[in-house]
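In what follows, a structure is listed as structure tokens, so that the remarks can point back to it.
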Amino acid sequence: MESSTEIEAAGPNSDCVLVIMAKAPKPGRVKTRLIPRLPLQAVTSFYRCLLGDTLALAQSLVGVEIAIMCPESDVDELAVLAGPGVTVVAQKGEGLAAGLTSVFAHFAEDHQRRVIAFNSDSPHLPHAVLQGAFEALAAHDLAVGPTYDGGYYLIGANGCHPSLFIRDGMGTGSALENLLSQARVLELSVSFTDPFYDIDVADDLIQLAAELEDSPARAPRTAFWLKEWGDAMTRLRTGTAD
């Protein structure tokens, strides 16, 4: 297995690319499962903080090109939010499966590169997990980061496999099962990173708040948001949120 020190030069020709799956932080379009429990303004601001911390986590990796894959309508806004040095690419088609297919078609087709698609709502993930996923792709076709709810927070590949995401079930409890089933059909070897959680529902947010209270530096923008919306978080914990 390749050590992290061997991943050296970032940029458009880097061997390693981390692609964040994102949307522009527009009201009513992001973190929709939190909207019934928190004010709409709070949810939109929360996602903006998650995305900012995710970008910071990505940029802490040495020698890795950073990019964003998003719906075409969000490209301009996300390019401004991401700033220089981050490539923003419009996905082809609608939905997460189309977005993931676009990641590997754009960055891995006809290239010998290790490409990881990473969600935008796990900025508290330990840095070493992402580094380890890139290292795993030196010996495996796929690297997968499973979530506790049956999905996955990252998927990496060292090539383009157009039919990998063809099965239905993205965003459901069967997403990981469907992915692995298709990987078996394609005879792809798989390496797993540690199971983790992303922020989809209120219980996830409550867990994150507890962790960031002790270690705010893991996601400082999100930790600040938790203080800013402290009253709303109190209502969320006690079950009295609107």
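Of the residues Q131, Q112, Q91, only one is more than 21 Å from R218 (Cβ to Cβ) and crowded, with 16+ Cβ neighbours inside 10 Å; which?
The conditions single out Q91.
Please work out if E77 is of a type in the set (D, E) and farther than 24 Å from L176 by Cα.
Considered against the rule, which asks whether it is of a type in the set (D, E) and farther than 24 Å from L176 by Cα, E77 comes out as yes.
Being more than 20 Å from the chain's Cα centre (by Cα), more than 22 Å from P36 (Cα to Cα), of a type outside the set (V, I, T) and at pLDDT 95 or above, is that true of even one residue in segment 189-204?
Yes.
Could you list, in sequence order, the residues of segment 134-150 that are open to solvent by 10 Å² or more (accessible area, probe 1.4 Å) and either in contact with a Leu (Cβ under 7 Å, 6 or more places away or on another chain) or within 25 Å of E72 (Cβ to Cβ) (or both)?
Selection gives D141, P146, G150.
Scan segment 38-49 and give yes if some residue there is part of a loop (DSSP other than H, G, I, E, B), under 26 Å from A202 (Cα atoms) and open to solvent by 40 Å² or more (accessible area, probe 1.4 Å), otherwise no.
For segment 38-49, residues part of a loop (DSSP other than H, G, I, E, B), under 26 Å from A202 (Cα atoms) and open to solvent by 40 Å² or more (accessible area, probe 1.4 Å): present.
Give the residue that is nearest to the chain's Cα centre (by Cα), with candidates limited to residues of segment 131-153 that are farther than 19 Å from G63 by Cα and either outside any loop (DSSP other than H, G, I, E, B) or among the aromatic types (F, W, Y) (or both).
Per the stated criteria, the residue is Y153.
On the basis of being of a type in the set (S, T, Y), touching a residue at least 40 places away in the same chain (Cβ under 8 Å) and crowded, with 18+ Cβ neighbours inside 10 Å, does Y153 make the cut?
Values: of a type in the set (S, T, Y): yes; touching a residue at least 40 places away in the same chain (Cβ under 8 Å): yes; crowded, with 18+ Cβ neighbours inside 10 Å: yes.
The answer is yes for Y153.
Taking segment 105-141 only, how many residues are in contact with a helix residue (DSSP H, G or I) (Cβ under 6 Å, 6 or more places away or on another chain) and farther than 14 Å from D15 by Cα?
Selection size over segment 105-141: 5.
Considering F196, F165, F134, F192, which residue is in contact with a Cys (Cβ under 6 Å, 6 or more places away or on another chain) and either over 18 Å from T54 (Cβ atoms) or in contact (Cβ under 8 Å) with a residue 40 or more places away in the chain (or both)?
F134
Kindly provide the set of residues from segment 94-125 that are part of a helix (DSSP H, G or I) and closer than 13 Å to H161 by Cα, ordered by number.
Hits for segment 94-125 are A97, A98, L100, T101, S102, V103, F104, A105, H106, F107.
If you go through segment 199-227 one residue at a time, how many are of a type outside the set (A, V, I, L, M, F, W, C), touching a residue at least 60 places away in the same chain (Cβ under 8 Å) and either within 17 Å of S45 (Cα to Cα) or open to solvent by 60 Å² or more (accessible area, probe 1.4 Å) (or both)?
The number of residues fulfilling the criteria is 5.
The values are calculated or read from the model by the stated rules, or taken from the named source; none is laboratory data. Keep in mind it's a predicted model, so treat the numbers as computed, not measured. Ideal geometry is used to build each Cβ from the backbone, glycine not excepted, and the neighbour counts take in all protein chains shown. When the accessible area is computed, the model is the full protein with side chains, heavy atoms only, and any ligands, DNA or RNA have been set aside. Shrake-Rupley method; radii C 1.70, N 1.55, O 1.52, S 1.80 Å.
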